[in-house]
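K.L.:
One structure, pasted below without further comment.
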Amino acid sequence: MSDFAKALETLRPQLLKFARLQLRNPDWAEDAVSETLLAALEKPQAFAGQSQLKTWLIGILKHKLVDQIRSHRREISTTPEDDQDLDESLFHPDGHWREAPQDWGDPEAALRQLEFIKVLEACVEHLPGQQGRLFMMREWLELETEEICKVLAISPTNLWVMLHRARLRLRECLQLNWFAPPLQRS
């Protein structure tokens, strides 16, 4: 086995974790990662060394994830939790927070912390059905609104409402599991 193939195999678990987080289907994730590694092995010269190997592979993987989403779009369904309205529990009728968010300090410094990334990933994993997929497609895969709506056969309005709900759930999860004082975390 070449050094390049060994390096790819070393990164496989990280790629698989990323793909599972995006697709929420272990078989589709496995397919996307396998296709990514195969593409890298078929054209190792495409890796020019201008970035880290992992960054290059994630770039390939993003395209493979989009392909998986497109090919399985009919199998992606909504769940009852996607329609649950968090606005009433988080906001007063006049639009103000029921409980003001705590000061999050320096979010950029927190992003650099590996622990924060793990908590964020766990929060994203626990988003209900379609909300998680939409959030991942928009924020991590950086797909355009039109593309997401086409792939999932939803309206732009529905997309924005679900993204809003996903962001509210993420805020709530991060507030509880990261930004709350340690004694309040459970």
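K.L.:
Within the bounds of the range 7-27, is there any residue that is open to solvent by 30 Å² or more (accessible area, probe 1.4 Å), more than 30 Å from ALA153 (Cβ to Cβ), under 18 Å from the mean Cα position of the chain (by Cα) and polar (S, T, N, Q)?
P.N.:
yes
K.L.:
Inspect all residues belonging to the range 74-89 and state whether any of them is open to solvent by 90 Å² or more (accessible area, probe 1.4 Å), at pLDDT 70 or above and either part of a loop (DSSP other than H, G, I, E, B) or under 21 Å from ARG165 (Cα atoms) (or both).
P.N.:
Yes, the range 74-89 contains a residue that is open to solvent by 90 Å² or more (accessible area, probe 1.4 Å), at pLDDT 70 or above and either part of a loop (DSSP other than H, G, I, E, B) or under 21 Å from ARG165 (Cα atoms) (or both).
K.L.:
Need the failing condition index for ALA32 against (1) open to solvent by 40 Å² or more (accessible area, probe 1.4 Å); (2) within 27 Å of GLU146 (Cα to Cα), just the number.
P.N.:
Status for ALA32: all satisfied but (1).
K.L.:
Mind telling me which of the residues GLY59, GLY49, GLY129 ends up being at pLDDT below 80, under 27 Å from ALA32 (Cβ atoms), of a type outside the set (Lys, Arg) and in contact with a Ser or Thr (Cβ under 9 Å, 6 or more places away or on another chain)? Let's see the steps before the verdict.
P.N.:
Working: GLY59 fails: at pLDDT below 80; GLY49 fails: in contact with a Ser or Thr (Cβ under 9 Å, 6 or more places away or on another chain).
The conditions single out GLY129.
K.L.:
For PHE135, which of the numbered conditions (1) open to solvent by less than 40 Å² (accessible area, probe 1.4 Å); (2) touching a residue at least 60 places away in the same chain (Cβ under 8 Å); (3) closer than 21 Å to ARG20 by Cβ fails to hold?
P.N.:
Going through the list (1) open to solvent by less than 40 Å² (accessible area, probe 1.4 Å); (2) touching a residue at least 60 places away in the same chain (Cβ under 8 Å); (3) closer than 21 Å to ARG20 by Cβ, PHE135 breaks only (2).
K.L.:
Still on this structure: Of all residues in the range 154-186, how many are at pLDDT 85 or above, of a type in the set (Gly, Ala, Ser) and surrounded by fewer than 19 Cβ atoms within 10 Å (Cβ to Cβ)?
P.N.:
So the first thing to find is which residues in the range 154-186 are at pLDDT 85 or above, and the list is 154-177.
Remaining after also requiring of a type in the set (Gly, Ala, Ser): 155, 166.
Then keep just the ones that are surrounded by fewer than 19 Cβ atoms within 10 Å (Cβ to Cβ); that gives 155.
Residues in the range 154-186 being at pLDDT 85 or above, of a type in the set (Gly, Ala, Ser) and surrounded by fewer than 19 Cβ atoms within 10 Å (Cβ to Cβ): 1 in total.
The values are calculated or read from the model by the stated rules, or taken from the named source; none is laboratory data. Source: prediction; values computed, not measured. Backbone-built Cβ (ideal geometry, glycine too); neighbour counts: all protein chains shown. Ligands, DNA and RNA are excluded from the accessible area calculation, which covers all protein heavy atoms including side chains. Shrake-Rupley method; radii C 1.70, N 1.55, O 1.52, S 1.80 Å.
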